[in-house]
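Step one of this worksheet: look at the structure below.
The values are calculated or read from the model by the stated rules, or taken from the named source; none is laboratory data. None of the values given here were measured: they were computed from a predicted structure. Using ideal geometry, Cβ is built from the backbone for each residue, glycine included, and neighbour counts are taken over all protein chains shown. Heavy atoms of the whole protein, side chains included, go into the accessibility calculation; ligands, DNA and RNA do not. Shrake-Rupley method; radii C 1.70, N 1.55, O 1.52, S 1.80 Å.
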Amino acid sequence: MDTDKLIIFDTTLRDGEQSPGVTLSADEKVEIARQLARLGVDVIEAGFPIASPGDFNAVKRIAQEVGPQMEGREGEGRTNSPVVICGLARCTQNDIQTAFDAVKFAPRHRIHVFLATSDIHLEHKLKITRAECTERIAKMVGFAKSLCADIEFSPEDAGRSDREFLTEALAVAIRAGATTLNIPDTVGYNTPQQYGDLIRYLRENTEGGAGVVWSTHCHNDLGLATANSLAGVSNGARQVEVAVNGIGERAGNTSLEEVVMNVHTHPHAYPVHHTINTRLLFSTSRMVEDLSGMVIQPNKAIVGRNAFLHESGIHQDGVLKNKQTYEIIRPEDVGVTTNNIALGKHSGRHAFRTKLDDLGYASLTDSQFQTAFAKFKTLADSKKSGVTDGDIHALVADVRSAPFPASASEPPADHAEAQDAAAAAAAASAEPVASPRYELKHMQV
């Protein structure tokens, strides 16, 4: 059957970074953004530019450096266009102008404006009336539209807002120029039935609703974020706001990998298709885990360490006879490798490079590769059982966490031993350098 394109809007760098205890440096944000672009996400919400000078500069760098990137985005089944770089803004002129000033350098850019619409937020947080709310939406979405063609509007706490007032507020946003309407279940309150019904109701009852993209943004407070997002898709949403590993405020956001693999595994159950390179899901997950410090639970769906492990004797017997007896997803489809190259102290650069490519680390610089290879050799000398994929993931994380070196030309190939010795010495003598940190103003959507 013909299906619509599902827009994957990734908020790992904005809502995901609002996870308690997570703060990413600008270099780390750019590195994750590059990987998200390779993965094939359609929109990267790079941050909340008004929050701090550091966040503004990180969003600006992502717009400049990642916005034009086409690596991994071309070919059959891919998006074949640059990623949209998005900045979040409250419904104030200064927020909106600052967001635009940060994202405008990307070939494709978006401003994401939000304002609460639930009575509890209007009365107790914003202390404004419904009339003042719609007046502010009209004015500020209109101002955003004067700067940028691609405008997203979110009514914060939509899941607890009065439905009739919500249709009124959203119609105002459409008339002011919004092209995407995002419906946040900000506190993870809704059930799949309730959220799906809400999306359908708003699509059918909002003036001008047929001409915009409807989007989901679900939190996981009751463990229903993925189910709610998919219910939204089944009822007409064509954009999902997600985060790698489901990181985010409180219990987290909808998990990118869970939504993508649900659509991937059930191509006839949902009226949509995606353009994500699923073979990069595992390495992207590990990168976010390493750089954010948010450890993934072992039994996490799709990317957890136990996701494709079998301990029960009955299960092991079945998998050895036919993997389909207990595996509905092939491990290699999400980047969990099963090749027969065993790495040890006798392995050379070619085998090591092949393993890195298989694990999704083809983007390492020459300098990072040389350092990683030297560390691998040292590790292989000390391990009788061989070097595992887990060892390689940890090793790459260690190399990536080192200070970003100045670029240098690659040394000649016939100086391999000298390269190994120099890289090992550098790795042994290097002292960890603290990344610059800043405090993000936590704004929930």
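General remarks:
- Pairs where the first residue, in the stretch 308-327, is under 25 Å from Gln297 (Cβ atoms) and the second is of a type in the set (A, V, I, L, M, F, W, C) and in a loop (DSSP other than H, G, I, E, B), C-beta under 9 Å, 6+ apart: Phe308/Ile329; Phe308/Val336; Glu327/Phe308
- Among residues of the stretch 379-417, those that are open to solvent by 60 Å² or more (accessible area, probe 1.4 Å), modelled with pLDDT under 75 and in a helix (DSSP H, G or I), counted: 4
- Only a single item in (1) open to solvent by 30 Å² or more (accessible area, probe 1.4 Å); (2) modelled with pLDDT under 85 is not met by Ala423, and it is number (1).
- For the stretch 40-62, the criterion of being assigned to a loop (DSSP other than H, G, I, E, B), out of contact with any Leu (no Cβ under 9 Å at 6 or more places or on another chain), open to solvent by less than 30 Å² (accessible area, probe 1.4 Å) and not polar (S, T, N, Q) is met by none of the residues.
- Filter result for the condition that a residue is loosely packed, with under 15 Cβ neighbours inside 10 Å and in a helix (DSSP H, G or I), over Leu356, Leu320: Leu320
Table: residues versus (1) crowded, with 24+ Cβ neighbours inside 10 Å; (2) closer than 14 Å to Val41 by Cβ; (3) hydrophobic (A, V, I, L, M, F, W, C).
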site: Ala210; (1), (2), (3): no, no, yes
site: His219; (1), (2), (3): yes, no, no
site: Ser234; (1), (2), (3): no, no, no
site: Gly248; (1), (2), (3): yes, no, no
site: Ile276; (1), (2), (3): yes, yes, yes
site: Glu289; (1), (2), (3): no, no, no
site: Ser292; (1), (2), (3): no, no, no
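- Some residue of the stretch 282-292 being within 26 Å of Ala26 (Cβ to Cβ) and either assigned to a loop (DSSP other than H, G, I, E, B) or of a type in the set (Lys, Arg) (or both): yes
- Residue in the stretch 169-178 that is among the charged types (D, E, K, R), at pLDDT 95 or above, open to solvent by 10 Å² or more (accessible area, probe 1.4 Å) and farther than 25 Å from Ser19 by Cβ present: yes
- Filtering Val103, Val84 for residues that are among the hydrophobic types (A, V, I, L, M, F, W, C) and in contact with a Cys (Cβ under 9 Å, 6 or more places away or on another chain) leaves a single hit, Val103.
- Residue pairs whose Cβ atoms lie under 7 Å apart, sitting 6 or more positions apart in sequence or on different chains, and linking a residue in the stretch 236-258 that is part of a loop (DSSP other than H, G, I, E, B) to a partner that is among the charged types (D, E, K, R) and open to solvent by 10 Å² or more (accessible area, probe 1.4 Å), are Gly236/Arg200; Gly236/Arg203; Arg238/Asp4; Arg250/Asp221; Ala251/Asp221.
- Number of the condition not met by His346 [criteria: (1) open to solvent by 20 Å² or more (accessible area, probe 1.4 Å); (2) closer than 30 Å to Gly293 by Cβ; (3) modelled with pLDDT under 90; (4) not in a helix (DSSP H, G or I)]: (2)
- Where strands (runs of 3 or more DSSP E) sit wholly within the stretch 126-221, those with at least 1 residues that are of a type in the set (S, T, N, Q) and in contact with a His (Cβ under 6 Å, 6 or more places away or on another chain) occupy 180-185.
- Of all residues making up the stretch 154-168, the number that are of a type in the set (A, V, I, L, M, F, W, C) and buried (at least 19 other Cβ atoms within 10 Å of the Cβ): 2
- Complete set of residues in the stretch 259-291 that are under 15 Å from Val334 (Cβ atoms) and either charged (D, E, K, R) or free of Cβ contacts under 8 Å to residues at least 12 places away in the same chain (or both): Arg279, Arg286, Glu289
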